[in-house]
Structures are given as structure tokens and as C-alpha cells.
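First the structure, in the form of C-alpha cells, and then the observations on it.
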Amino acid sequence: MSILPTAISVEAGRRYPKGSIVLFQGEVPRYGFFVVAGSIKTYAIDNDGNERVVGFSSEGDIFPLDWLLGMSRSAMFYYETLIETQLVPIIKPSLAETIDADSEASLFVRDYLLRDAASGLLRNLALQQSNASNKILYLFYYLAIRHGKQVSAGLFNLGLPLTHQLIADNLGLTRETVAGEMSKFKKAGVVVYRRKQYVVDKLLLIKTVGKEITANFSN
């Protein structure tokens, strides 16, 4: 996962404290970024002043990829650190040059885009669920395969410092609804959480999400 920053970064990684806004919505970035360690939330603010979280970036991710690949002229969203995060800047022209000249870098970007697109469909599916319980379970499965790490057989740490409010902002729910559902999940053994770290039972999630969908993801 380190080929791109070593090939096109402009300086050593920089650490950003928790709560740092790395990019503002509408800002024309000087650089894109590669996440060495830590996590980023990506969000917009609606007309009522509420955050609407649209995604996350964690170790090995690149953002804003739409700007780096020339699909937008500015940052479409806010990018804010959830914890102290180490980022390596990426020069926009150098990214295109590296992809054109380096077959390994080209494969890296292709695989990254395919993985992100495929897993992103699961997040969309979470938003389509008709009840809060399924919305959260589908979101957890998405986070497990996109950002999580296996800690033991069948158990995945979701890899992000989640709060009830952050989960709610992801799914258009209230914090109170999320808190109630999380209490049920904890009693059922689907999830264990402590200090914003969530560990989920993947097999129990599969019962909800369905084998037809989950069989396509090997993590």
C-alpha cells in the first residue's frame, strides 16, 4: 500500500491532531493525501447545519481522489481527523504521471478504485434499509470489510473511533435511536464496544446481510 506516497509525496508524513479539518468543502487543495495512520471522516453540512457523513478514510486510503484524478476542481466535502492522523501529501500532476509511467502504480489505483466502489455499494445498501436495526448492521458489515481488521476468528475490529452520534450522522438516524439499537446488539453478542472501539461478530452480521452478498467479499 506504500507505492504511491513513496513515488509522489512531496515531504515526510505530517501528524494532524484529532479534530483537524484537513480540507474544507469548496477549497482548492494544494495536495491530496495518503493516510499512513489514523482516520478521517468525510462529510457535508446541510441547510439546517447538521453534519451528513458520507464516508471515512483510514490507513492506506487516498483523498480526495476525485480531485486528484481531475474529476472535480475543488474538495467536494469536509475532511476531518477522528483521531491523531499521519498523512503524506500527494502532488496532483505527479499522480497522473506516476500512473502513466508505472504499471505497478496503475494497478494499485485500479484495484483501489474497484475495492472502494464494490464496498461502497454495501454502504448504499445500508441506507436503503427500512429499519434502524438493519441500517446499522449493514453499515457495520461495510465498515468491517472496508476499514476493519480481524482480531480473532470471526471477530472484526471496525477500525474507526465511532460514537453513537457519528453512526447516526452516517445513516440519517437520531443518536437516541442508535443508542437503543446498540444496547440490543450488545446483549445479543453481535457487537462489543469500549472507548469508541467496536468489535463485531462477522458471522452474526452475515445472517442479516445475507450470504449471497457477503460471499463476494473475502475479508
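Every number in this text was worked out from the coordinates using simple rules, so none of it is lab data. This structure is a prediction, so every number in the text was calculated from the model and none was measured. Neighbour counts run over all protein chains shown; Cβ positions are idealised from the backbone, glycine included.
Observations on the structure shown:
- For region 121-214, the percent of C-alpha pairs falling in each 10 Å distance bin, counted from 0 to the bin holding the largest distance, reads 17, 57, 25, 1.
- When the charge dipole of region 1-143 is built from unit charges on Cβ atoms (+1 for Lys and Arg, -1 for Asp and Glu) and taken about the Cα centre, the candidate among VAL109, ILE21, LEU125 whose Cα reaches farthest toward its positive end is LEU125.
- Within straight-line cross-link reach of LYS149, lysines at Cα separation under 22 Å, skipping those fewer than 8 residues along the same chain: LYS18, LYS41, LYS135, LYS186, LYS196, LYS202, LYS207, LYS211
- Surface/4 of the Cα convex hull for region 98-159, nm²: 5.4 nm²
- Phi to ³J(HN,Hα) by Karplus 6.51 cos²θ - 1.76 cosθ + 1.60 over region 108-121, Hz, x for Gly, Pro: 4, 5, 4, 5, 4, 5, 5, 5, 5, 5, 5, 5, x, 5
- More than 17 Å apart - percent of Cα-Cα pairs taken over region 68-127: 62 percent
- Normalised by 2.2 N^0.38 Å, where N is the number of residues, the C-alpha radius of gyration of region 3-101 stands at 1.05.
- In this Cβ point-charge picture (+1 for Lys and Arg, -1 for Asp and Glu), the chain has a dipole of about 920 debye about its Cα centre.
- Computed from the Kirkwood radius of its Cα pairs, the Stokes-Einstein diffusion coefficient for region 126-178 at 20 °C and 1.002 mPa s stands at 186 µm²/s.
- What the Cα convex hull of region 169-211 gives, in volume per residue, is 90 Å³.
- For the listed peptides 162-169, 183-190, 122-129, a ranking on the average number of other beta carbons within 10 Å per residue, highest first, reads 162-169, 122-129, 183-190.
- Range in the chain, longest, excluding exposed GluC sites (Glu not before Pro) [loop by DSSP; at most 16 other beta-carbon atoms within 10 Å]: 85-219
- If you wrap the Cα atoms of region 37-80 in a convex hull and average its projected area over all directions, you get 3.4 nm².
- Size descriptors for the chain (Cα atoms only): Rg and Dmax, in that order, 17.7, 54 Å.
- Under-5 Å amide H pairs with GLY55, H placed in peptide plane, nonlocal only: THR42
- Amide H contacts of PHE77 (H built 1.01 Å from N, in plane; Pro and chain starts excluded): GLY26 sit under 5 Å, all sequence-distant by 5 or more or on other chains.
- Relative to the longest principal axis of the Cα atoms of the chain, the long axis of helix 132-146 makes an angle of roughly 40 degrees.
- Under a 5 Å amide H cut-off, with hydrogens placed 1.01 Å from N, PHE33 pairs with PHE63, ILE90 among residues at least 5 apart or on other chains.
- For region 38-52, 3J(HN,Hα) computed residue by residue from phi via the Karplus equation (6.51, -1.76, 1.60; θ = phi - 60°) reads x, 7, 10, 9, 10, 8, 10, 10, 7, 5, 8, x, 8, 6, 10 Hz, glycine and proline entered as x.
- Computed [θ] at 222 nm, helices only, for the chain once each DSSP H run of length n ≥ 4 contributes -39500 (n - 2.57): -13000 deg cm²/dmol
- Karplus-derived HN-Hα couplings along region 59-69 (A = 6.51, B = -1.76, C = 1.60, θ = phi - 60°), whole Hz, x at Gly and Pro: 3, x, 8, 10, 8, x, 5, 4, 6, 4, 8
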